[in-house]
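**Q** I am attaching a structure below and will ask some questions about it afterwards.
The values are calculated or read from the model by the stated rules, or taken from the named source; none is laboratory data. Fair warning: this is a prediction, and the values are worked out from it, not measured in the lab. Ideal geometry is used to build each Cβ from the backbone, glycine not excepted, and the neighbour counts take in all protein chains shown. Just the protein is used for accessible areas: all its heavy atoms, side chains included, with ligands, DNA and RNA removed. Shrake-Rupley method; radii C 1.70, N 1.55, O 1.52, S 1.80 Å.
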Amino acid sequence: MNVSKYLNLNSVVVTVFATPFLMVLSRNIATPIFVFVAVLLLLFAAIDRSPKAVFQSVIDTARSPAALLFGVLVVFMGLSVGWSTSVERALETTVHFAGNLALFGLCVAALAVSASARLIRSILFPFAIIGTALFLVSEVILGTPVRALVGASPEVFRMNRAAVGLVLMLPFVLYALPQAKKVPGLRLAAVLTVGVAAFMSDSETAKLAFIATILLLPVFVLLKDKGIWFLGLLTLGTFILMPVISPHVMSLIPDVLASRLPYGSVGIRADIWTAFSSLIKNHFFLGHGVDASYMAAVDYKDLDIAALFLGWGHPHNFAIQVWYELGVIGVVLFAALIFLFFRSLRAVPLDLLPAVLSTVAAVWTVALVSHGAWQAWWWCLVGLVSVLWLIELKCRHGAEAPKSDT
């Protein structure tokens, strides 16, 4: 076997697995890593086939229904810059979002024509996640000495994104690496260390995503392929109905638990979501424009809504931000994309499906409670985890693309 062929996709997997560790030191590093991964995949695909074959694959990918819908979405976002009250940020956001989508599209196109390689099944991958989790915990306990050594900011909250990255990669470690079975307790150790890292971090989002992942994994095991539509309907439902649900979020939490939850991390989110939801009707069809939520406190300073709830830069809820900024048109486009995504999951082997669905559930949990809808690092992190699963699925199928005669 050709050594370069053996190493190509594995080098990408190693790079992705290194991402959470590097995020402990630099929370925005997922973006340059995603660029690097896309370049690697394109290079390997060109070597496996030919530049012409890769170019044709890019064209075919761009013509797919999902790519066309994303294209329409980006065009609409660009148009909405015209009525956004945050024009400079809106332009920057639209360009970044389009760039992230283009990078992912290039990764998909490259993988479509890359030769299938033997994916490394090493226990080093679970150990990498365990080691990263322990590294994050040690940084929290010892006051970030390694971050200080490399000149990074010492605030603990700056490692929150690394904690989220660990949680998103946990299902892959549990299901896609059968060699972990050879070491008793290795999977349990991965769960425990990632859980400790999540709960010792300042990220309430990582904690919630970890809980969702662990609780839903056995549910998806029981549901098998029905889990696709269970999670799909749940995702679509929460996305479309979130403005209606948000005023009642706290009432859905049992009083015993609600009284123990800190207002600064839970209650205030419900108030932020409610405040933004109450304003959606003002620009129901077209929305307020991309990134207009950044200026919401200024735009609605004369209303009887506390600036505290509108002044956080974004609603900390993907669904509500899309509703507020892009209106019904944006919601319809994203709903169609969500439907296409879940429909595509029918091609996932049943033995991997619970882990894939758990990853999706963790991503959606994070999207609904925390980061801005257009943050580049977040889309790049999700893109890296997605590439990891796409490589696994390609190697599982084992069908090598035919060699080009050109």
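**Q** Could we say that Trp364 is of a type in the set (Phe, Trp, Tyr), within 21 Å of Val221 (Cβ to Cβ) and open to solvent by 30 Å² or more (accessible area, probe 1.4 Å) here?
**A** yes
**Q** Output the number of residues of region 344-361 satisfying the condition of being in contact with a Phe, Trp or Tyr (Cβ under 8 Å, 6 or more places away or on another chain) and surrounded by fewer than 20 Cβ atoms within 10 Å (Cβ to Cβ).
**A** 2
**Q** Let me ask something additional. Within region 285-304, is even one residue polar (S, T, N, Q) and not in a loop (DSSP other than H, G, I, E, B)?
**A** yes
**Q** Follow-up. Quick check: anything in region 275-295 under 23 Å from the mean Cα position of the chain (by Cα) and closer than 30 Å to Lys226 by Cβ?
**A** Looking for residues that are under 23 Å from the mean Cα position of the chain (by Cα) and closer than 30 Å to Lys226 by Cβ, one finds none in region 275-295, hence no.
**Q** Of all the residues that make up region 85-107, how many are open to solvent by less than 50 Å² (accessible area, probe 1.4 Å) and either touching a strand residue (DSSP E or B) at 6+ places or on another chain (Cβ under 6 Å) or within 19 Å of Gly383 (Cβ to Cβ) (or both)?
**A** Adding up the residues that qualify gives 10.
**Q** For region 108-125, what are the residues that are aliphatic (A, V, I, L, M), open to solvent by 40 Å² or more (accessible area, probe 1.4 Å) and at pLDDT below 95?
**A** Of the residues in region 108-125, the ones aliphatic (A, V, I, L, M) are 108-113, 115, 117, 119-120, 123-124.
Now restrict to residues that are open to solvent by 40 Å² or more (accessible area, probe 1.4 Å): 108, 112, 120, 123-124.
Answer for region 108-125, where residues must be aliphatic (A, V, I, L, M), open to solvent by 40 Å² or more (accessible area, probe 1.4 Å) and at pLDDT below 95: Ala112, Ile120, Ile123, Leu124.
**Q** I would also like to ask the following. Output the number of the condition that Val150 fails; it satisfies all remaining conditions of (1) of a type in the set (A, V, I, L, M); (2) out of contact with any helix residue (DSSP H, G or I) (no Cβ under 7 Å at 6 or more places or on another chain); (3) modelled with pLDDT under 95.
**A** (2)
**Q** Need the failing condition index for Pro65 against (1) open to solvent by 30 Å² or more (accessible area, probe 1.4 Å); (2) in contact with a Gly (Cβ under 7 Å, 6 or more places away or on another chain), just the number.
**A** Condition not satisfied by Pro65: (2).
**Q** While we're looking at this one, here's another question. Among what's in region 194-234 and is assigned to a loop (DSSP other than H, G, I, E, B) and within 23 Å of Arg343 (Cβ to Cβ), pick the residue that is least open to solvent (accessible area, probe 1.4 Å).
**A** So the residue we want is Asp225.
**Q** What pairs come up if the first residue lies in region 126-141 and is under 9 Å from Met200 (Cβ atoms), the second is open to solvent by 30 Å² or more (accessible area, probe 1.4 Å) and assigned to a helix (DSSP H, G or I), and their beta carbons are under 7 Å apart, counting only those six or more places apart or on different chains?
**A** Val137/Val196; Val137/Met200; Val140/Val156; Val140/Met200
**Q** I would also like to ask the following. So if I check each of Val173, Val150, Val191, Val164, which one is open to solvent by 50 Å² or more (accessible area, probe 1.4 Å) and touching a residue at least 12 places away in the same chain (Cβ under 8 Å)?
**A** Result: Val150 is the single residue among Val173, Val150, Val191, Val164 that is open to solvent by 50 Å² or more (accessible area, probe 1.4 Å) and touching a residue at least 12 places away in the same chain (Cβ under 8 Å).
**Q** In region 359-381, what residues are in a loop (DSSP other than H, G, I, E, B) and touching a residue at least 24 places away in the same chain (Cβ under 8 Å)?
**A** The answer is Ser370, His371, Gly372, Ala373, Trp374.
**Q** Still on this model: Name the one entry in Val328, Val298, Val322 that is in contact with a helix residue (DSSP H, G or I) (Cβ under 8 Å, 6 or more places away or on another chain) and closer than 25 Å to Arg269 by Cα.
**A** On the way: Val328 fails: in contact with a helix residue (DSSP H, G or I) (Cβ under 8 Å, 6 or more places away or on another chain); Val298 fails: in contact with a helix residue (DSSP H, G or I) (Cβ under 8 Å, 6 or more places away or on another chain).
Selected residue: Val322, the only one of Val328, Val298, Val322 that is in contact with a helix residue (DSSP H, G or I) (Cβ under 8 Å, 6 or more places away or on another chain) and closer than 25 Å to Arg269 by Cα.
**Q** Residue under question is Val24, and the condition is that it be closer than 30 Å to Pro154 by Cβ and either free of Cβ contacts under 8 Å to residues at least 40 places away in the same chain or assigned to a helix (DSSP H, G or I) (or both); does it hold? Outline the logic, then answer.
**A** Numbers: closer than 30 Å to Pro154 by Cβ: yes; either free of Cβ contacts under 8 Å to residues at least 40 places away in the same chain or assigned to a helix (DSSP H, G or I) (or both): yes.
Yes; evaluated as a whole, the condition is true for this residue.
**Q** Still on this structure: What's the number of the only condition in (1) under 20 Å from the mean Cα position of the chain (by Cα); (2) under 23 Å from Ser80 (Cβ atoms); (3) open to solvent by 10 Å² or more (accessible area, probe 1.4 Å) that Gly330 fails to meet?
**A** The single condition Gly330 does not satisfy is (3).
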